[in-house]
Amino acid sequence: MIRIEGLCLSVGAFALRQVCLEVASGEYFVLLGPTGAGKTLLLECLCGLYRLDGGRLIIAGRDVTHAEPRHRQIGYLPQDYALFPHRTVRQNIAFGLRRSSASRRQLQQRVQQLMEELGIDHLADRRPARLSGGEKQRVALARALAVRPQVLLLDEPVSALDESTRDDICRLLRRLNRQLNTTVLHVCHNFAEMMSVADRAAVIADGRIIQVGTPHEILQRPANLAVAQFVQPGNLLPLAKWLVVSGRSGVQLPQLVTSAKKAQPEAAHAQRAESYPSPEASCVAQKSPRTAAVQHAHETSNGQDTWVMLRSENVRVLTNAPESLPPDMTLLPATLSEITHLGATVRLRTVAEGGVELLALLGKREYIGGNYFPGQRVFLAIAHTDIHVITQDAQLS
Amino acid sequence: MAAPVEGFAGRLFAASTLAFVVLFVVGWLALFAADVNYVLADAYRRLPVGPEDGSLLRLALRGLVGMVGVLGQREILAALWLSLWTSSLSVVIGLLMAIPIGYAMSRYRFLTHPLAEAIIDLPIILPPVIVGLSLLVFFQSPAGKWIENSLVQFVFQRKGIVLCQLMVSASLGIRAAALTFDGIDPRLEHVAMTLGCTRAGAFFRVTLPLAVRGLVVAAILIWTRAFGLFGPLMVFVGAVRLRTEVLPTTIYLEQSVGRLEVALTVAIFMVLLAAMGLVIVRAVGLRGQK
């Protein structure tokens, strides 16, 4: 439905560089990135608000690179909603219908239907200045949907809303996407928001698309350090630090999607084929080919460019060492140093052997059952598949 | 506005700044009061009855009646009428220029933008008489003579009054319009364009209705400036009674023949009109901006 081919645009010192992206018909696609990454600029390019320096834009099979915004069949919802302050809610929604060939009665019905669908029919005669953030958002959405767009472009649609309204609107957006089968491109900087709505997502930083994948892939397997830092895994350690931990306790590194793979293809191949060792055998396994690959990455990069990521919610905290452990898991002895209550979750800060700090995020129920206290000796149970290794020069998606 | 808790030093600072406000306002009020006093005293001198017959209120009323009588003179009424319609026409033409120029200066950036901005603002800071002189010289040039002979005559004509007023006051209107458009988020137009509008459509359906308040301010600024214009008119169209005489010219002519009370009466009338304009600017233009 949306195809962006090699889009280039410079605006002052900032530039979108060779952006390529494809969004399928009816898909809910989230463009995720930190502030200043170029998300809004890319969206405005799709709207036709900038003349491109290079590349092509295709919407619904039609090349719209040089088409005026009104000919692109898009619905655009800007970050601040941009409701027309001199018009009532009803007039705002009907704004785009003036050129429609339908009769006045049909248009009025369409506006009424949209207002009812979005639960804003009681606001019909109000001006935007007298609406709450959530109400403004719904009005702007209704206005964008009124023209029956093939693509809905949403620029941080819920960033200015409180948490409960945000959840409501996210559910509403997802429902509309399924009901109307409209392709949605949603820009945001919050990965929780991405998780709640996206079929697929892309991460953009510094004007480049860095990774495209499912929300789960992006969260669990970030393509490079920038993405990893952005998705806040909790535990992101330089390889050198991690090797200290693994050297003492035997935590193994899984796939190494790094330059090391290119440098030592045989070792990397062996690494994929290898089964993960048991805790008892792990120290021995450090001499295996895959450990050699990690070691190589460490040596060639001097440990500076290779990082190990482990999401804090994937770390289990045990108060007693279990008698047996699945072969793909490792136990890591540690001392509980700090407990922080975050509402529905609790963050445990631990210090593993070698002084390496690791975070674990527990659910409230799990935390209460564990009877944890600072200074307590605990064991961190880590599944090898949850460990992700990143190098700075990892391939861009 | 929040009023923080303040000690003596804070109150002293506030009092000294307010003292300057009082000094300035009182200075102007004193000037205005002197004018009113002169006119009323003149009316008092002309009273057929002795001072013991008239209370202060009656004296003031007599003075006002005298002022209205002065304003009712044929020459002054003609000057008032000429002032009113020329400055109103200047507003219409000025706005027709200010809206597109203000919009262009606000929305588009081009290579010579700073230069264009400086030229647009120039008449605001220039002594107005220079405009009159420049117009006079221009219409002595071949191009000017061609306009005079083939299109329309301006020099020493009533149409020249409008041209002169426009050249001096349009800049104020353009500046006000540009500031108004600056204050309207271009994103509103962008959204309108994604909803089926052309750029012009977005301007007429979104930006212009939102700019109405600022454009009223622009109109009042043009009108008051045009209404009070004197120097360039003396140079460009002269001061011919019942022909090119506007109210400021009347003041000049009357005081030059020693009828100071008439000159002052017209002046007071003009001050009241200007004050009314400024009050409307404050009430309409600045409402909701604080």
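The values are calculated or read from the model by the stated rules, or taken from the named source; none is laboratory data. Worth saying up front: this structure is predicted, and the values here are computed from it rather than measured. Every residue, glycine as well, gets a Cβ built from its backbone with ideal geometry; the counts of neighbours run over all protein chains shown.
Just one of the listed residues (B:Thr249, B:Thr265) is modelled with pLDDT under 90 and out of contact with any strand residue (DSSP E or B) (no Cβ under 6 Å at 6 or more places or on another chain), and it is B:Thr265. The residue that is modelled with the lowest pLDDT, among those in the range A:143-181 that are in contact with a Phe, Trp or Tyr (Cβ under 9 Å, 6 or more places away or on another chain) and over 13 Å from A:Tyr76 (Cβ atoms), is A:Ala160.
Condition check for B:Ser134 on (1) within 14 Å of chain A (Cβ to nearest Cβ); (2) part of a helix (DSSP H, G or I): one failure, at (1).
Looking only at the range A:1-60, how many residues end up being in a strand (DSSP E or B) and aliphatic (A, V, I, L, M)?
Quick first cut of the range A:1-60, residues in a strand (DSSP E or B) only: A:2-11, A:14-23, A:28-32, A:54-59.
Pick out the ones that are also aliphatic (A, V, I, L, M) and you get A:2, A:4, A:7, A:9, A:11, A:15-16, A:19, A:21, A:23, A:30-32, A:57-59.
Number of matching residues: 16.
The strands (runs of 3 or more DSSP E) located wholly in the range A:155-244 that include 1 or more residues which are under 24 Å from A:Thr385 (Cα atoms) occupy A:200-205, A:208-213, A:234-238. Taken over the range B:201-227, the residue count meeting the criterion of being surrounded by 21 or more Cβ atoms within 10 Å (Cβ to Cβ) and away from chain A (no Cβ under 14 Å) is 11.
Condition (residue is buried (at least 22 other Cβ atoms within 10 Å of the Cβ) and either within 14 Å of B:Leu84 (Cα to Cα) or within 14 Å of chain A (Cβ to nearest Cβ) (or both)) applied to the range B:229-241: is it met by at least one residue? Yes, some residue in the range B:229-241 is buried (at least 22 other Cβ atoms within 10 Å of the Cβ) and either within 14 Å of B:Leu84 (Cα to Cα) or within 14 Å of chain A (Cβ to nearest Cβ) (or both). Within the range A:83-138, the residues that satisfy the criterion of being farther than 17 Å from B:Val191 by Cβ, away from chain B (no Cβ under 14 Å) and in a loop (DSSP other than H, G, I, E, B) are A:Ser103, A:Leu118, A:Gly119, A:Ile120, A:Ala124, A:Asp125, A:Arg126, A:Ser132.
Mind counting the residues in the range B:106-128 that are touching a Phe, Trp or Tyr at 6+ places or on another chain (Cβ under 9 Å) and surrounded by 16 or more Cβ atoms within 10 Å (Cβ to Cβ)?
3
Of all the residues in the range B:242-258, those that are surrounded by fewer than 18 Cβ atoms within 10 Å (Cβ to Cβ), farther than 16 Å from B:Met270 by Cβ and not small (Gly, Ala, Ser) number 3. Scanning the range A:30-82 for residues that are more than 9 Å from every other protein chain (Cβ to nearest Cβ), in contact with a helix residue (DSSP H, G or I) (Cβ under 8 Å, 6 or more places away or on another chain) and among the β-branched types (Val, Ile, Thr) returns A:Val30, A:Ile59, A:Val64. Scanning the range B:241-264 for residues being touching a residue at least 40 places away in the same chain (Cβ under 8 Å) and assigned to a loop (DSSP other than H, G, I, E, B) gives a total of 6.
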